[in-house]
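Below you'll find the structure, written out as structure tokens, and then a few comments.
Throughout, read-outs are computed from the coordinates displayed, never taken from laboratory work. Computed from a predicted model, the values in this text were never measured in an experiment. Because the Cβ atoms are built from the backbone with ideal geometry, glycine has one as well, and the counts that use them run over all protein chains shown.
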Amino acid sequence: MAGLNTRVDTGYNARVESFRDEEYPMLDGSIYLDHAGTTLYPKSLMDRFAKEMTANLFGNPHSASASSQLSTARIEDIRLRVLRFFSADPAEFDLVFVANTTAGIKLVADALRAGPDGFDYAYHQASHTSLVGVREEARNSLCLDDRLVDQWQKGDSPLGDDSGDRPILFAYPAQSNMDGHRYPLRWAEELRRGRKKTFTLLDAAALVCSSPLDLSQPETAPDFTVLSFYKIFGFPDLGALIVRREAEEALRPRRYFGGGTVDMVVCLKEQWHAAKTQFLHERLEDGTLPIHSIIVLDAAMDVHEQLFGSMRDVAAHTSFLSRRLYRGLKSLRHGNGEPVCVLYSQDSDSTDNRLGTGPVIAFNVRNSLGAWVSLTEVEKLAALKRFHIRTGGVCNPGGIASALGLEPWEMMQNFSSGFRCGTENDIIAGKPTGVIRASLGAMSTISDVDSFVNFVAEFYRDAAPTPILTNPVPLPHGQSWLQVHSISIYPIKSCGRFEVPSGVDWEVRPEGLAWDREWCLVHQGTGQALSQKRHPKMALIRPFIDFKKGELRIRYAGHIAAHAPRQITIPLSKNPSLFRSATPLSRSSRVCGEDIQAQTYALPEVNKFFSDILGVPCVLARFPPGGQGKSTRHSKAHLQKHQLSPPPTTKPALPGSFPPSPPDSDTGRASRRILLSNESPILAITLPSVDALNKQIKLAKPTSTEISPAVFRANIIIAPSVVDTRLLPYAEDSWSALRIGQHGYEMLGACRRCHMVCINQETAEKSEEPFVTLSKTRRFDGTVFFGVHMAYSGSQGVGSLTRERQFATVRVGDVVVPEWRVE
Ligand SMILES: *Cc1c(COP(=O)(O)O)cnc(C)c1O
């Protein structure tokens with residue numbers, strides 16, 4: 001099969017090579033791999049255009065002059081020729097000239113919207129942005145994946161049956177402009193057979209670049225087909241809307257009329273007009289047609305055929321090249337055997353895609369350690385090496401999201417943390433935000449493909465095998481293995497915890513663990529953040545993060561009024577419509593005595609839920625990462641004096657009366673960002689310290705119950721990995737740094753404690769322990785300390801960028817290796 005293709009294609013390839021330099025002088029040695037964007041125009045077409053324009057006088061149609069008649073006649077001939085190009089019978093189809101694909105889509109949307117009930121809209125996930133935008137004109141809209149389209153064909157309409165006579169428009173691409181995936185033309189017919197009046201809009205813009213489009217079967221053809229000619233021929237800048245005559249009625253409600261589309265217009269005292277009735281295109285082509293563009297289309301079709309043969313030939317050539325590119329990129333391996341490219345397009349020989357795949361390869365590049373290479377970096381280097389490729393979101397939001405596994409909340413998250421189409425920061429939270437796209441056309445050649453594969457290999461393949469990191473086996477200070485015993489986050493400040501399930505890699509950011517203290521409840525009157533110290537019931541407000549559904553579910557575990565809801569959900573995404581006020585200066589809130597700018601939710605039922613539970617008028621507010629000014633906070637933790645003494649024995653030496661160490665901002669150390677936690681990004685405790693504390697409590701009062709580690713509201717609990725290994729209680733006071741898994745953490749100082757540790761996190765009841773015992777055993781300079789603050793400080797062990805460093809995570813069971821402060 002591959003051999004056959006090679007044989008068939010080399011002749012064709014040689015032909016293209018023979019005329020390419022002459023026909024495309026503008027390339028000047030660079031390599032064009034952006035045919036899904038625009039195809040290049042050959043020189044002989046430009047020559048023909050110039051000749052035709054200078055030899056003939058083409059006037060504005062609609063008049064009787066010879067020049068006008070010449071234009072009209074030529075345009076009508078070309079209209080028929082274009083229909084023939086797509087095997088469409090003029091008795092069954094009409095062709096409307098439009099500026100481009102997008103204009104064709106808008107014309108359809110505009111007409112359907114004007115109908116008595118408007119229209120409902122369903123669009124396929126792989127749709128181009130220009131199709132997605134139609135949803136804003138529809139009464140109801142829905143984005144469908146293959147599975148939902150399949151269900152629909154089986155009679156299960158995705159938009160329900162309660163919309164009366166309102167028509168449904170279903171839009172999809174014949175070929176995805178993102179990854180070349182093709183979708184069946186037969187969908188149109190299958191959906192028409194359904195109960196409801198359903199029209200199909202086929203976006204053929206990407207398909208027709210390099211493949212024939214066959215509309216010879218009007219029964220199965222889409223009702224509306226849109227395309228852009230510049231993508232096939234390079235020139236003219238013109239598009240078409242091809243309408244199946246049976247569906248013409250759907251466009252009739254269009255209200256606007258312009259010059260050329262009416263037979264008579266009455267103004268002044270009466271307002272009346274008569275639309276042209278004979279041909280649909282007469283009613284839809286407003287104003288003067290792009291005469292010269294339409295006329296050059298004739299030449300464009302001639303020249304294209306002379307150079308490249310039929311569209312069938314072009315399809316064979318481009319799919320041969322595309323397979324070569326696919327396999328070339330796929331086979332690139334780093335020295336350690338890891339693949340260089342992650343491909344999102346399918347191999348067009350893969351058995352599950354009988355339609356084949358368009359000559360479009362979407363991919364991303366990784367280094368040998370699995371870290372993603374920035375798209376902008378690839379694009380810049382490619383530009384320097386004179387490759388024309390496209391990177392980023394490529395105007396295909398749904399396709400990108402499904403290829404990269406981005407959930408809507410992540411996309412909105414990326415947006416609110418500053419990501420925009422075309423910005424440089426394109427790897428966020430360890431995921432790329434777009435793709436690299438190389439697309440081939442009729443004038444592409446084997447050497448284009450090979451040069452590009454060689455380029456990727458030359459710049460992105462790490463030849464030498466990189467050292468594999470192994471877990472260290474350290475035994476500092478006679479200690480044995482330590483490990484992460486549990487991980488907790490507190491999505492809503494002062495409320496219950498969410499325990500990270502074992503086996504889950506949880507993201508660590510400079511501000512702390514992902515989703516920790518991102519929300520808070522603020523008092524409606526004072527703007528003060530509410531705290532468990534004043535409102536112990538907050539311990540019973542239990543959040544649960546559901547990434548699948550993209551929501552934060554909040555359940556109240558305490559007593560609740562008869563008809564009140566026990567649970568509410570809010571989206572994880574920072575959809576701006578959820579928040580209050582469009583005023584630029586939303587009111588300040590106060591957290592730990594600090595003025596901050598948080599966004600408050602404008603969801604009455606959510607705010608009522610919390611207000612009813614706590615008996616205080618309050619609102620939910622969010623303080624997302626990445627803010628500026630009052631929307632940022634900084635860590636206040638610092639080393640405490642008792643930590644500077646030698647590692648504590650049984651009874652810590654109480655130091656003299658030093659003033660407390662100055663905060664970070666005074667010492668000139670780079671200050672660390674935090675969200676709504678009190679003092680620092682991450683709080684850690686060790687189980688041996690909790691055990692020691694419990695022993696002391698029991699010693700003082702044998703009847704007392706054991707306190708749970710949960711009262712300390714730590715993020716990370718560290719414990720020896722085997723029961724019989726020793727870890728001195730309060731050893732954490734003497735740590736200067738930690739390595740957890742492959743990541744480094746800096747210790748920022750001991751954590752000051754207040755009465756809040758006396759609230760049982762299960763029941764919200766208050767007692768006097770452990771604070772009483774802590775005051776006796778862990779007080780230094782009048783302040784009680786338990787646990788340590790820390791912050792992520794980067795990955796360790798290797799100098800180069802690893803997958804781990806690009807996306808730092810922590811999981812239960814990770815090995816913990818402390819570094820000890822040397823005196
Ligand atoms: C290029 C393209 C469009 C948009 O075409 P315009 O000419 O910019 O209007 C729409 N859909 C697909 C699949 C495309 O490839």
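Among the trypsin sites (Lys or Arg not before Pro) in the range 317-377, those placed in a DSSP loop whose Cβ has at most 14 other Cβ atoms within 10 Å are Arg354. Whole-Hz Karplus values for the range 236-247 come out as x, 7, 7, x, 9, 10, 9, 10, 6, 4, 4, 9 Hz, taken residue by residue from phi with 6.51 cos²θ - 1.76 cosθ + 1.60 and θ = phi - 60°; glycine and proline positions read x.
Among His292, His128, His523, rank each residue by its count of other Cβ atoms within 10 Å, from fewest to most, as a rough exposure measure. Could you put the intermediate results ahead of the total?
Values: His292 15, His128 25, His523 18.
Ascending number of Cβ neighbours within 10 Å: His292, His523, His128.
Length gained on full extension, Glu76 to Arg15, computed as 0.36 nm times the residue gap minus the Cα-Cα distance: 18.6 nm. Placing pseudo-labels 7 Å out from each Cα toward the beta carbon at Phe544 and Lys766 gives an inter-label distance of 3.1 nm. Other residues within the sphere of radius under 11 Å centred on the Cβ of Ser402, judged by their own Cβ, net out at -4 (K and R +1, D and E -1).
Would you mind ranking Ile428, Ile75 so that the residue whose beta carbon has the fewest other beta carbons within 10 Å leads the list? Don't jump to the answer; show the numbers that get you there.
Details: Ile428 18, Ile75 21.
Result, fewest neighbours first: Ile428, Ile75.
Charged neighbours of Asp34, selected by a Cβ distance under 14 Å, balance to +2 (K, R count +1; D, E count -1). Taking label points 7 Å from Cα along the Cα-to-Cβ direction, Glu246 and Gln483 give a separation of 6.6 nm. If R0 equals 30 Å, the separation of the Cβ atoms of Asp237 and Asp28 corresponds to a calculated FRET efficiency of about 0.85.
What net charge is computed for the residues neighbouring Arg74, neighbours being all others with C-beta under 12 Å from the C-beta of Arg74, Lys and Arg scored +1, Asp and Glu -1?
-2
Taking θ as phi - 60° and the Karplus parameters 6.51, -1.76 and 1.60, the scalar couplings of the range 311-317 work out to 5, 5, 4, 4, 4, 5, 5 Hz in sequence order, x denoting glycine and proline. Here the chain is treated with +1 on each Lys and Arg Cβ and -1 on each Asp and Glu Cβ, and its dipole about the Cα centre works out to around 3140 debye. The mean sequence distance of close C-alpha pairs (under 8 Å, at least 6 residues apart), as a share of the length of the range 693-793, puts its relative contact order at 32 percent. Karplus-based coupling profile of the range 755-772, in residue order and whole Hz: 4, 4, 5, 8, 8, 5, 6, 8, 10, 6, 7, 9, 9, 9, 8, x, 5, 4, with θ = phi - 60° in 6.51 cos²θ - 1.76 cosθ + 1.60 and x standing for Gly or Pro. Amide H to amide H, with H built 1.01 Å from N, Phe93 comes under 5 Å of Arg245, counting only residues 5 or more places away or on other chains. Computed over the Cα atoms, what is the radius of gyration of the chain divided by 2.2 N^0.38 Å, N being its residue count? Compactness ratio reported: 1.19. Applying 0.36 nm per residue to the separation of Phe257 and Asn454 and subtracting their alpha-carbon distance, the gain on full extension is 65.4 nm. Measuring r between the beta carbons of Gln306 and Ala99 and using R0 = 25 Å, the FRET efficiency lands at 0.40. Sorting Val132, Val108 by the number of Cβ atoms found within 10 Å of their own Cβ, with the fewest placed first, yields Val132, Val108.
Using the Cβ-Cβ distance between Ser87 and Ala463 with R0 set to 51 Å, the FRET efficiency works out to roughly 0.50.
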